[in-house]
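Taking it in order: structure first as structure tokens, then the write-up.
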Amino acid sequence: MFTDRYVDLPGKAPAMVVVPTGSFLMGAAADDEDRTDAQLPQHRVTLAKGFAMARTEVSVGEFREFVRASGYVPDSVKLGGASVYDERSGALRDDASASWQDDYAGRKADDNLPVVNISWNDAVAYAKWLSERTGKQYRLPSEAEFEYALRGDTSSRYWWGNATPDKTVENLTGSGDRSRSGRRWSNAFRGYRDGYWGPAPVMSFAANPFGLYDMDGNVSEWVADCWHDNYIRAPDDGSAWINPGCRAHVLRGGSWGSSPAQVTSAYRQGADGDVRSGRVGFRVVREL
């Protein structure tokens, strides 16, 4: 693990973990009962060049440092609002006043929570700012890098195995979890409880085999790639699959509100780059 210091002002970048090189099968197997067309065809990806990935999601405190130092205006402020959790309905609702400074339900967020209500554009701007401050190359992970790092050298449905975990590993939807008013999940890991409804402070749970936290729970995360409906003609070298000018990008990893099928290592979804949600944050990669 290492941390880059800023070259032109006090402070330092997020703690980074070096991810080893290797190859893996990306996507879902054709006989996987939870597979979607978007996860096919399964294909081998080889990452010949090492990279470092942030140990945790970017926190509210880290993002606040960026906003204060750069003057950047996040999309939740510029475009107005985000989709946050509504306790009365049990669903997400648009809140025109919610911003990156708020938590999943639109309340003021603590600095150690993962920053949410962040657009893809905001995430890219933060990585660019880190590069300028450190003199190193920071960026969003590619989708292949994220799945490789998430799996942590495993080929099971989840990095901890093929079923409900037998100990607390991630912030997931557990049948034992309850919201403030006593709501429960309709589709959850049976017999699991992590004590959170909404995101937990970063590093509250176990690290995966590569030493990375909250890769498959807590908040879903933006990656660099444009959204494609399947993996036909996808890169096999771990690079991001970019079409210039694309609007939709990829979200990876499960969130505090994802069903078990949405937490599998192969799960992926697309969203417009200006979407802001109380279920979505991000982390960065640093090139080596």
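Every read-out reported here was derived from the displayed coordinates using simple, explicitly stated rules and does not represent laboratory data. Computed from a predicted model, the values in this text were never measured in an experiment. FYI the Cβ positions are ideal-geometry reconstructions off the backbone, even for glycines, and counts take in every protein chain you see.
Per-residue HN-Hα couplings for the stretch 71-78, Karplus 6.51 cos²θ - 1.76 cosθ + 1.60 at θ = phi - 60°, whole Hz, x for Gly and Pro?
Result, ordered by residue: x, 4, 9, x, 4, 5, 8, 5 Hz.
Among GLY191, GLY257, GLY278, which one moves the most in a GNM of the chain with springs linking Cα atoms closer than 10 Å?
GLY191
Could you give the longest part of the chain that holds none of the GluC sites (Glu not before Pro) found in DSSP loops with at most 15 neighbouring Cβ atoms within 10 Å?
On the way: sites that count: GLU33, GLU87.
Maximal segment without exposed cleavage sites: 88-288.
Can you give the Kirkwood hydrodynamic radius for the stretch 119-247, in Å, rounded to one decimal and based on Cα pairs? Mind showing how you got there, number by number?
Values: mean 1/r = 0.0591 Å⁻¹.
Roughly 16.9 Å, rounded to one decimal.
Among ARG64, ARG151, ARG233, which one shows the biggest mean-square fluctuation in a GNM of the chain, springs joining Cα atoms closer than 10 Å?
ARG233
Given points 7 Å out from each Cα along the Cα-Cβ axis, report the ALA30 to ASN162 separation in nanometres with one decimal.
A separation of 1.9 nm, rounded to one decimal place.
Determine the calculated [θ] at 222 nm for the chain from helices alone, applying -39500 (n - 2.57) to every DSSP H run no shorter than 4 residues and normalising by the residue count; nearest 500 deg cm²/dmol. Write down the numbers at each step before the final one.
Numbers: 3 runs with 35 residues, N = 288.
Here the helix-only value at 222 nm equals -3500 deg cm²/dmol.
Between VAL77 and ARG64, what length comes free when the chain is fully extended (0.36 nm per residue of separation minus the Cα-Cα distance, one decimal in nm)?
Numbers: separation 13, 0.36 × 13 = 4.68 nm, distance 1.33 nm.
Here the segment from VAL77 to ARG64 would lengthen by 3.4 nm.
Which net charge results for the neighbourhood of SER156, defined as the other residues with beta-carbon distances under 12 angstrom from its beta-carbon, given Lys and Arg at +1 and Asp and Glu at -1?
Details: positive: ARG151, ARG157; negative: ASP32, ASP153, ASP216.
Result for the local shell: -1.
Just the Kirkwood number for the stretch 222-288, please: inverse of mean 1/r across all distinct Cα pairs, in Å, one decimal. Could the numbers behind the result be given before it?
On the way: mean 1/r = 0.0757 Å⁻¹.
In the stretch 222-288 this quantity evaluates to 13.2 Å.
Return the single residue from TRP100, TRP159, TRP222 with maximal mean-square fluctuation; model: Gaussian network over the chain, springs between Cα atoms under 10 Å.
TRP159
For the stretch 64-190, state the average projected area of the convex hull of the C-alpha atoms over all orientations, rounded to one decimal in nm². Don't jump to the answer; show the numbers that get you there.
Details: hull surface 40.4 nm².
Taking a quarter of the hull surface, the average projection is 10.1 nm².
Whole number please: convex hull volume per residue, Cα atoms of the stretch 213-260, in Å³.
Numbers: hull volume 5.3 nm³, N = 48.
Taking only Cα atoms, the stretch 213-260 has a hull volume of 111 Å³ per residue.
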